[in-house]
Amino acid sequence: MGLITPEQYRESLNDGRIVYYKGEKVENVATHPNLSVCADLMAIDFEMCEDPKYRDMAVMKDPETGKEISRYYYKPQNSDDLLKAHELIVKATELGDGFIPLAHDIGADALNAIEITANLMGNKDYMERIANYRKVLQEQDLATCAAVTDVKGDRMLRPSDPNQANPDFNVRVVKKTDEGIIVRGAKVHITGAAYCNDIIAIPCHAMTEQDADYAVAFAIPANTKGVRQICRPFTSHISSLEFPNSRPLRVHTDSLIIFDDVLVPWERVFLCGEWKFAATMVYNFALMHRRTGCSYRIPLSEQFVGVASAIAEYNGITKAPHVKEKMIDLVIYLETLKSLSKTACYDFVMRGGVAVPNPIATNMAKYHFAHNYHDVIKIVEDLAGGLLVTAPTYKDYQLPELRPDIDKYLQGAKHISTENRLRMLDLIRRITTADLETICLHGEGSPMAERMTIFMEGGKVIKECQALVEEMAQVDRSK
Ligand SMILES: Cc1cc2nc3c(=O)[nH]c(=O)nc-3n(C[C@H](O)[C@H](O)[C@H](O)COP(=O)(O)OP(=O)(O)OC[C@H]3O[C@@H](n4cnc5c(N)ncnc54)[C@H](O)[C@@H]3O)c2cc1C
C-alpha cells in the first residue's frame, strides 16, 4: 500500500470507533465540526509527503526494501537520522502554526522504545513482533498515538497496592487466552487518539514484581471492541469576539481512553508481565519523546520572540532599555532550546540497536523549556500591556460609529495601524492561553520527572567532579 494521501487518512477514520465529545457520541471524527479541525491538523503530515517542497524531508527510501516510507517510522541509527527527524518535526510544527500534526512522531517514539526494550531483553518473540509491526506501520502509513499515562489513582501507591481505590488505575492484563491478552484500565491525556489509526500502549512507570500484570505494552486499532474515548473540549472556531483569521485553526484534543476488557492478539503484545523491563520501556520512551517535544516547542518559542518584538514595536517601546533586556532573555530562551535539542542529537547514545538522543541534554532541553515558560509569557504579557485583555471586540470595531474612535485612540506607534496592533494582541491572546501553559509544563512528563532523570544520568558526572576536587585537595580516603 505505501504512503497514503490526506484523503485516504481522513477516510480511514470512519471505522466505527467509539468517541465522545461534549456529551455526544461522534459519528465520524473526520467530518465532525470540531474534531475534523484536529484531523486536518494531523493530515499535515500526509500533506507534507505529497508536497514537493517537503517530500525529501518527510519521505525516505527504506534501505532494505527500497520502498518509500515516512521518515518517522525509520529506526534511527545515528545523529544524522535523529537530526533529520528533529528538522522534520520543527517544520511540521511550523506548518501547524505551533502545533505538531502528530500522525507519526509520538507513535514512533513508542515504537522505538518497544524495540529497544525487546532487544535489551533479548526476547526473540517480542523482537520479531515489533519488527513486523514496524513494517506494517511503514507499509500502511498508519497514524499512531502513544498511550502511556495511566490515570494512576493515588500517586504514592503502587498499581497493585490493595489501598488503591480500585485495581484498574493502571492498565493491566486481566486474562490470557490462546488468541491474546485481555486488558482493562484507562489511559489519560492521550493526544490525537480520537483521530489516529492505532493506539500504542506502554506502561507509564517502573513496576515491581507485585505489579507484573501492569507491565503490559501493546498496539491496537482505535476501533477495537471495548475501546471508548472521551475527548477534551476546545473552541472549534475563532470566536466572533476576536479578529477573524483566514488561516485554519490548529488544535489537538486529548482523550481519556477506557479499555473495557479489550482483546489484544498476541502478535501485537510487546510486554506482558516482564515487570523489570517496564522501566526500560518508559524510560526510553520519555527520552525520545522529550526530544520530540523540544522540537515541537521551537516554533512556539519563535512565536514568542516574534510577538514580543512586534508588540514592542507597535507600542513604540523598542528602544527602551528594559525592553532590550527582555528581548535578550527571550533570545537566550529560544537559542538555548535550539542548541540543547541539536546537541542531544549530535551527542546520541546507542540503546538496544537504536540511536537515542543524549539523555542529559534532552532532559535539560525539556526542563529548560517548561521551567522558564511562565517567565517568557510574563515578558510577552508585560510588553503587550493591558489591552491584551481589555481591547474592544472585532464586532465593536466593525460598527461605523465606533471604528473611527477605536482607530484614533487605540493606535500605538504612528507607522502601525490600529487594526494591525489589535490583530497582534489577538494572536498573543491565542498563543498564551492557559491550555498551552499546562501542555508545556506537563506534556512529555512533569518537570520533576526531568530533574530526576538529570540526577540519575548525571550521577557519573557528579562522581567524576568529586574525584577531581578530591585529587586537588589531596584527600586520602584511607585516612
Ligand atoms: C496536553 C497534554 C498532552 C499530553 N499528551 C500525552 C500523550 O499523548 N500520551 C501520554 O501518554 N501522555 C500524555 N500527556 C501526559 C503527560 O505526560 C502527563 O500529564 C505528565 O506525565 C504528568 O502526569 P499527570 O498529568 O498524571 O500528573 P501527575 O503525575 O499527577 O503530576 C502532578 C504532580 O504530582 C507529582 N507526583 C506525581 N507522582 C508522584 C510521586 N509518586 N511522588 C511524588 N510526586 C509525584 C508530580 O511531580 C507533579 O508535581 C499529556 C499531557 C498534557 C497536559
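The values are calculated or read from the model by the stated rules, or taken from the named source; none is laboratory data. Bear in mind the structure is a predicted one, so any value in this text is a computation, not a measurement. Cβ sites come from the backbone with ideal geometry, for glycine too, and all protein chains shown count toward neighbours.
Worth pointing out:
- The stretch 364-413, residues that are part of a helix (DSSP H, G or I) and either hydroxyl-bearing (Ser, Thr, Tyr) or not assigned by TED's automatic domain parsing to the domain that holds Tyr314 (or both): Tyr367, Tyr373, Thr390, Tyr394, Tyr397, Tyr409
- Screening Met127 against (1) without any contact (Cβ under 8 Å) to a residue 60 or more places away in the chain; (2) in contact with a strand residue (DSSP E or B) (Cβ under 9 Å, 6 or more places away or on another chain); (3) not charged (D, E, K, R) leaves a single unmet condition, (2).
- When Ile406 is tested against (1) over 22 Å from Ala308 (Cβ atoms); (2) in contact (Cβ under 8 Å) with a residue 60 or more places away in the chain; (3) surrounded by 17 or more Cβ atoms within 10 Å (Cβ to Cβ), exactly one condition is not met: (2).
- Residues satisfying the criterion are absent from the stretch 325-345 (criterion: in contact with a Gly (Cβ under 7 Å, 6 or more places away or on another chain) and surrounded by fewer than 24 Cβ atoms within 10 Å (Cβ to Cβ)).
- Scanning the stretch 355-403 for residues being within 17 Å of Phe243 (Cα to Cα), touching a residue at least 12 places away in the same chain (Cβ under 8 Å) and surrounded by 13 or more Cβ atoms within 10 Å (Cβ to Cβ) gives a total of 8.
- Strands (runs of 3 or more DSSP E) enclosed by the stretch 187-275 - at least 3 residues per element that are away from the ligand (no atom under 16 Å from the Cβ) and either without any contact (Cβ under 8 Å) to a residue 24 or more places away in the chain or under 23 Å from Arg172 (Cβ atoms) (or both): 254-265
- Test: residue in the stretch 148-160 that is in contact with a Ser or Thr (Cβ under 7 Å, 6 or more places away or on another chain), in contact (Cβ under 8 Å) with a residue 24 or more places away in the chain and of a type in the set (D, E, K, R): yes
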